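Structure first, then comments.
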Amino acid sequence: MNQYQTADRTGHNTPVYDLRSDTVTKPDEGMRRAMADAEVGDDVYGDDPTVNRLEARLAERLGKDAGLFVPSGTMSNLTGLLAHCGRGEEVIVGRDYHIASYEAAGASVLGGIAICTVPVEVDGGLSPIVIRDELKPDDSHKPISRLVSLENTHNGMVVPLARVSDVASSARDCGLSVHLDGARFFNAITGLGCAETDLAGLGDSVSVCLSKGLGTPAGSVLLGPSDIIDRARRYRKMLGGGMRQAGVLAAAGLYALDHNVERLAEDHERADHLAKTLSKLEAGQVNQATNMVFLTPRDELNDPLRAHMEQTNITLGGGSNGLMRLVLHKDIDDVALNSIVTELRAFFG
Ligand SMILES: *Cc1c(COP(=O)(O)O)cnc(C)c1O
């Protein structure tokens, strides 16, 4: 049974609140208008003025030479890794970072890149000491260590700037380059309260998703030095990610940069409110960071809670090992949050 069937059965047209992820956000009126009005050209020829504007604007904002618009965050990371590393070279990355755990080992499959995973520390960052330990000697038995890949935010956690800076400078001392998977870069900036260039400057390349909290239907941008972005552009074509009149999508990105960055603070506040409510209700173990709330209810409550929420058209994320994920985003406003809190109170109260 899905959420829409519930609405049919009750005969009520109750709204559907989807807390699985911030990727579920739908483009609103203003964004759709910007998309419809976009000036376009063939981006594979470099002729799409809106794509060019988006790449240039984000590059300037983050203090990088150039940008590359790609269909997804996965392709952004992959083109970045392929641009940094050759076959038989290695990227060092956190074990449960997205690149190591949720990208089907694309860098290994398609690029012959070894993925060396290291434990993620409690603050979501990596340890400079562990990275030094993993560094391979110049030895024909070993891959060549080339890159460290960081992630911020990680599971909603804002990795402190000092930690990122420590790891990045230690990596550079070892001759490694640094990639930053900033799928939720602007959530990290909102949490850190620092300048965008302060965080972006710690990575040679940075990947930013437009289709999560920023609310576009698709698209990510890889930012970095010209030589890396030129190489990544060739890989984008090779991977089938060269799009033609992509300005309709880039226009959504430009709109999001103007309208949906500052409002991320609201998602963080609502997540905080939701977490405090769950704690007060003694719902289980609760963790909250930026726009994400994680709840581990008492074992016997897991299925009933999920069923109760489904019945009222509220979809929770997570599921494996009893951990529930509730993600706040643009399409959950205060009215939605109040309904969600009411249903949680009804269940636990
Ligand atoms: C979502 C996400 C990605 C990949 O984005 P897709 O657009 O889903 O391919 C990469 N890294 C992190 C940390 C993410 O959360």
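Over the range 58-162, what portion of Cα pair distances is larger than 21 Å, expressed as a whole percent? Walk me through the numbers before you get to the answer.
Numbers: 2170 of 5460 pairs.
Roughly 40 percent, once rounded to a whole number.
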- A56-K280 FRET efficiency (beta carbon distance; Förster radius 45 Å; 0.05 resolution): 0.40
- Taking the convex hull of Cα positions in the range 38-259, its mean projected area over all directions (nm²): 11.1
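At 1.4 Å probe size, with the rest of the protein present, what percent of the exposed accessible area of the range 38-259 is carbon and sulfur atoms?
Heavy-atom surface of the range 38-259 belonging to carbon and sulfur, 1.4 Å probe: 49 percent.
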- Task: Tell me, rounded to the nearest percent, the portion of alpha carbon pairs in the range 1-138 spaced more than 17 Å apart.
- Result: 76
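Please find the FRET efficiency linking A162 to E262, where r is the Cβ-Cβ separation and R0 is fixed at 35 Å, and quote it to the nearest 0.05.
Working: r = 25 Å, r/R0 = 0.71.
Here the calculated transfer efficiency is 0.90.
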- Message: Between V44 and T342, what is the label-point separation in nm under the 7 Å Cα-to-beta-carbon projection?
- Response: 5.2
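Once you keep just the Cα pairs under 8 angstrom separated by 6 or more residues, what percentage relative contact order results for the range 38-259?
Details: 455 pairs, mean separation 67.8, N = 222.
RCO, the range 38-259: 31 percent.
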- Note on the structure: For the pair D334 and I129, the simple spin-label estimate (label points 7 Å beyond Cα toward Cβ) gives in nm 4.8
- Given labels modelled 7 Å from the Cα in the Cβ direction, how far is it in nm from S108 to N321? 2.0
- Message: So with the 1.4 Å probe, I'd like the accessible area per residue for the chain, rounded to whole Å².
- Response: 44
- Quickly estimate the mean residue ellipticity at 222 nm for the chain, helices only: each DSSP H run with n ≥ 4 gives -39500 (n - 2.57), and the total goes over all residues, rounded to 500. -13000 deg cm²/dmol
- Task: Just add up the charged neighbours of G46: K/R +1, D/E -1, any other residue whose Cβ is under 14 Å from the Cβ of G46.
- Result: 0
- Name the residues whose placed amide hydrogens come within less than 5 Å of the amide hydrogen of H154, ignoring near sequence neighbours (fewer than 5 apart) on the same chain. V159
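What is the calculated FRET efficiency for D96 to R32, with r their C-beta to C-beta distance and R₀ = 45 Å, to the nearest 0.05? Write out the running numbers ahead of the final one.
Details: r = 36 Å, r/R0 = 0.79.
It comes out at approximately 0.80.
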- Could you tell me the accessible area of R244 in Å² (1.4 Å probe, neighbours in place), rounded to the nearest ten? 100
- For S177, which sequence-distant residues (separation of 5 or more, or a different chain) have an amide H within less than 5 Å of its own amide H, given hydrogens modelled in the peptide plane? L147, V148
- Query: Where the centre of each part is set by its Cα atoms, how far does the range 164-234 sit from the range 100-134, in angstrom?
  - Reply: 16
- Task: Distance check, please: which entries in K64/K212; K212/K276; K212/K237; K142/K237; K136/K212; K64/K136 exceed 27 angstrom between their Cα atoms?
- Result: K142/K237; K136/K212; K64/K136
- Item | Note, ³J(HN,Hα) from phi for the range 189-200, Karplus 6.51, -1.76, 1.60, rounded to Hz, x at Gly and Pro | 4, 4, x, 6, x, 9, 6, 4, 5, 4, 7, 4
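Over the residues of the range 103-194, compute the C-alpha Rg and express it relative to 2.2 N^0.38 Å. All intermediate terms of the calculation are to be shown ahead of the outcome.
Details: Rg = 14.0 Å, N = 92, 2.2 N^0.38 = 12.3 Å.
Cα Rg divided by the expected 2.2 N^0.38 Å: 1.14.
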- What ³J(HN,Hα) values, in whole Hz, does the Karplus curve 6.51 cos²θ - 1.76 cosθ + 1.60 give for the range 238-244 when θ = phi - 60°, with x put for Gly and Pro? 4, 7, x, x, x, 10, 8
- Task: List, in order, the whole-Hz ³J(HN,Hα) value for each residue of the range 203-213 obtained from phi through the Karplus relation with A = 6.51, B = -1.76, C = 1.60 and θ = phi - 60°; use x for Gly and Pro.
- Result: x, 5, 10, 9, 10, 10, 8, 9, 9, 9, x
- Message: Assuming 0.36 nm per residue, please report the length gained on full extension of the stretch A307 to K237 beyond their Cα-Cα distance.
- Response: 20.7 nm
- Note on the structure: Per DSSP, the loop-located GluC sites (Glu not before Pro) within the range 256-314 having at most 12 other beta carbons within 10 Å are E262, E282
- Note on the structure: The alpha-carbon center of the range 292-349 and that of the range 249-288 are separated, in whole Å, by 15
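Quote the charge dipole size of the range 1-146 about the Cα centre in Debye, to the nearest 20; the model charges only the Cβ of Lys and Arg (+1) and of Asp and Glu (-1).
On the way: 15 positive and 24 negative charges, 58 e Å.
Using Cβ point charges on Lys, Arg, Asp and Glu, the range 1-146 gives about 280 debye.
The values are calculated or read from the model by the stated rules, or taken from the named source; none is laboratory data. Everything numeric in this text was worked out from a predicted model, so none of it was measured. Every residue, glycine as well, gets a Cβ built from its backbone with ideal geometry; the counts of neighbours run over all protein chains shown. For accessibility, only protein heavy atoms count, side chains too; no ligands or nucleic acids. Shrake-Rupley method; radii C 1.70, N 1.55, O 1.52, S 1.80 Å.
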